[in-house]
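The values are calculated or read from the model by the stated rules, or taken from the named source; none is laboratory data. As the structure is a prediction and not an experimental result, all values here were calculated from the model. Cβ sites come from the backbone with ideal geometry, for glycine too, and all protein chains shown count toward neighbours.
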2 protein chains.
Amino acid sequence: MNEMYTNRHWVLAERPAGEPDLDCFELTETETHEPTEGEILVETRYLSVDPYMRGRMSEQESYAEPWAVGDPLNGGIVGEVVATESDAYDTGDLVTGEGLWAEYSCLDADDVAPVDPSVAPPEAYLGVLGMPGRTAYFGLLEVGDPSPGETVVVSGAAGAVGSVVGQIAKLNGCHVVGFAGSDEKTTWLTDDLGFDAAINYKSVDDYQAALADAAPGGVDVYYDNVGGPITDAVFTQLNLDATVAVCGQIAYYNAESMPTGPRKLPQLITKRATVEGLLVGDFSNRFGVATEQLSEWVADGTLQHRETVVEGLSNAPEAFLGLFAGDNIGKQVVRVTEES
Amino acid sequence: MNEMYTNRHWVLAERPAGEPDLDCFELTETETHEPTEGEILVETRYLSVDPYMRGRMSEQESYAEPWAVGDPLNGGIVGEVVATESDAYDTGDLVTGEGLWAEYSCLDADDVAPVDPSVAPPEAYLGVLGMPGRTAYFGLLEVGDPSPGETVVVSGAAGAVGSVVGQIAKLNGCHVVGFAGSDEKTTWLTDDLGFDAAINYKSVDDYQAALADAAPGGVDVYYDNVGGPITDAVFTQLNLDATVAVCGQIAYYNAESMPTGPRKLPQLITKRATVEGLLVGDFSNRFGVATEQLSEWVADGTLQHRETVVEGLSNAPEAFLGLFAGDNIGKQVVRVTEES
């Protein structure tokens, strides 16, 4: 292809101290390089904003490499192939992979996967059929590993990961309780997703008492996306041999220093409980299994999903910041259009 | 037997609020009942005081049943059979089991085990060859499960459990670092027990820096007996796929309320670490294996052990309270003699 594309893309303008704001982001303009052998040029339809990206804004090493100041921001995208130097994809194909917070990304064709809009709308490939869905799948089934009849509690339950965790737990015959931050969210969990109970932590003072009501038999598996006082409360209700799968700790991502602790380990002795951190990348050799199963469940309506869409590339930072205010129900995505 | 025995024994006089003191204990006098069919009367030689007993002084349910106010205190003892209605033991035999903080205990012969003074002095059957030794054995090998070449860190390293944990880790080819509370203790760990390094946490300000020096390759297995700031520091140095075996949390046993937390779970995600609470009773069907192996190691000098002896039944509460001040090196026991 010979056409050149002007590409607007976001860079990290400065590192946040504590809570990030719009000053951390800058929208710049470059030209894309053309695809070379094996590459495709993808025009972004949707881009993903995820809580883990907060870690990449900080200097300290974590599981995801820090962004450098001035670096283009990247993450999951869904887009259309507009130029191809690969036999695997034709122009017009929809694909998903790791791309830029930009109008265009030039990607290695081996690093993307096809998107089938007959299974689910394209944006679902950033949520239930993307990284969050796989995180829920492996984190619950491989780390949490609940048995039928057991009680599973999930925090951040109305988020992209939590909403899938709870539904898979229900499919496995568990009693499922979710913590979420609005009545709209808790109603979605119980009425649409089939959770047995959901606690709006913003309207409840005593999390421990609320959980004891919702999970009178105690907690066998806790899938933790948040940390903080909700997790403190759940630890008090763990059953013997309980498992805590630590997937996210959004309560601390904007903390200026790492909180002291751990502080509830005595309960681990009493309950011989296990707390295990998980990262979806560790299961990458079995992503295909998860995607196939999740696609089947989505296609036949077994698994519900929801995406919260912010319009326009220019609003990507707001969409990201909204994650920490709990603005999203289900997966937060940004829709990128020509005029946006 | 027809003789009656006057028995002095300790009871729980009142529950402590926070740190216990001598007012919590009262020495009373009763007569023992005579052994009936299958029972033996044991005259106490040594009784064990252990940090876990602090939990039994409190009302709230834990893994060990709370003592009621007015109840006789009980725990591990070593003693001599002075009357028997069992074929299994003759008078004069030394046995170990769960008895009273008293001069005499009437016990079911099925619930005690023989003490062989040719293997180790009788008091060692309350330490390296008793519950603490088995806790170290199963906790390290089954929960911590280190591989040769890995770095094992143990807190409370000069205690009854920690001193055995570190030596077994050395036998397994690990790099071993201990935290302890005096230069006498750290010298014992490095010079006599073969620890690679030991940190006197009372003379070091920056635990994290001290640990980074002592364990430059990071921490693969952390055997935690204490909790608190030492554990906070170790969490910052965990390697990928690290395991934390939570055996004790003495830093919190005298806390008036359970500390809030957990607070360092973000590090579990980064490191995909596992934190697991353990209780030696869960391994009871394999106690024989452990005792046999530990006895062999003690008999041939592979495993060093040390007991701190307080003289006299009347001083048992002081011995117990000394555990929280770190008075003991190795296993704290009380020697019970006729005149004491």
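Overview of values
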{"read-out": "Any hit, the range B:325-334, residues being at positive phi and not in a helix (DSSP H, G or I)", "value": "yes"}
{"read-out": "Some residue of the range B:212-221 being more than 23 Å from the chain's Cα centre (by Cα), more than 7 Å from chain A (Cβ to nearest Cβ) and at positive phi", "value": "yes"}
{"read-out": "From the options B:Phe235, B:Phe324, residue that is facing chain A (nearest Cβ under 9 Å), under 29 Å from B:Asp191 (Cβ atoms) and touching a Phe, Trp or Tyr at 6+ places or on another chain (Cβ under 9 Å)", "value": "B:Phe235"}
{"read-out": "Number of the condition not met by B:Asn225 [criteria: (1) in contact with an Asp or Glu (Cβ under 6 Å, 6 or more places away or on another chain); (2) at pLDDT 95 or above; (3) within 12 Å of another protein chain (Cβ to nearest Cβ)]", "value": "(1)"}
{"read-out": "A:Ile269 at pLDDT 95 or above and either not in a loop (DSSP other than H, G, I, E, B) or not β-branched (Val, Ile, Thr) (or both)", "value": "no"}
{"read-out": "Flag if A:Val310 is under 22 Å from B:Tyr252 (Cβ atoms) and part of a strand (DSSP E or B)", "value": "no"}
{"read-out": "Residue that is surrounded by the most Cβ atoms within 10 Å (Cβ to Cβ), among those in the range A:211-225 that are hydrophobic (A, V, I, L, M, F, W, C) and out of contact with any Pro (no Cβ under 9 Å at 6 or more places or on another chain)", "value": "A:Val219"}
{"read-out": "Members of the range B:1-58 found to be of a type in the set (A, V, I, L, M) and part of a loop (DSSP other than H, G, I, E, B), listed by number", "value": "B:Met1, B:Met4, B:Ala13, B:Ala17, B:Val49"}
{"read-out": "Every residue from the range B:166-202 that is buried (at least 22 other Cβ atoms within 10 Å of the Cβ) and farther than 24 Å from B:Ala325 by Cβ", "value": "B:Gln167, B:Ile168, B:Ala169, B:Cys174, B:His175, B:Val176"}
{"read-out": "Yes/no for A:Lys202 being basic (Lys, Arg) and within 23 Å of the chain's Cα centre (by Cα)", "value": "yes"}
{"read-out": "Set B:Glu292, B:Glu276: member being in the same structural domain as B:Asn239 (by TED's automatic domain parsing) and either in a loop (DSSP other than H, G, I, E, B) or not polar (S, T, N, Q) (or both)", "value": "B:Glu276"}
{"read-out": "Filter pass, A:Ala242 being within 28 Å of the chain's Cα centre (by Cα), more than 7 Å from every other protein chain (Cβ to nearest Cβ) and under 27 Å from B:Phe283 (Cβ atoms)", "value": "yes"}
{"read-out": "Which listed residue is crowded, with 18+ Cβ neighbours inside 10 Å, touching a residue at least 24 places away in the same chain (Cβ under 8 Å), farther than 28 Å from A:Ser314 by Cβ and in contact with an Asp or Glu (Cβ under 7 Å, 6 or more places away or on another chain), from A:Ala109, A:Ala124", "value": "A:Ala109"}
{"read-out": "Matching residues, the range B:266-281, being in contact with a helix residue (DSSP H, G or I) (Cβ under 7 Å, 6 or more places away or on another chain), at the interface with chain A (Cβ under 7 Å from one of its Cβ atoms) and either touching a residue at least 60 places away in the same chain (Cβ under 8 Å) or not small (Gly, Ala, Ser) (or both)", "value": "B:Pro266, B:Arg272, B:Val275, B:Glu276, B:Leu278, B:Leu279"}
{"read-out": "Only listed residue being free of Cβ contacts under 8 Å to residues at least 12 places away in the same chain, more than 14 Å from chain B (Cβ to nearest Cβ) and under 30 Å from A:Val298 (Cα atoms), chosen from A:Asn200, A:Asn285", "value": "A:Asn285"}
{"read-out": "Residue match in the range B:187-203 (condition: of a type outside the set (A, V, I, L, M, F, W, C) and within 18 Å of B:Leu279 (Cα to Cα))", "value": "no"}
{"read-out": "Segments classed as strands (runs of 3 or more DSSP E), wholly inside the range B:135-226, with at least 1 members that are closer than 18 Å to B:Glu307 by Cβ and assigned by TED's automatic domain parsing to the domain that holds B:Tyr253", "value": "B:175-180"}
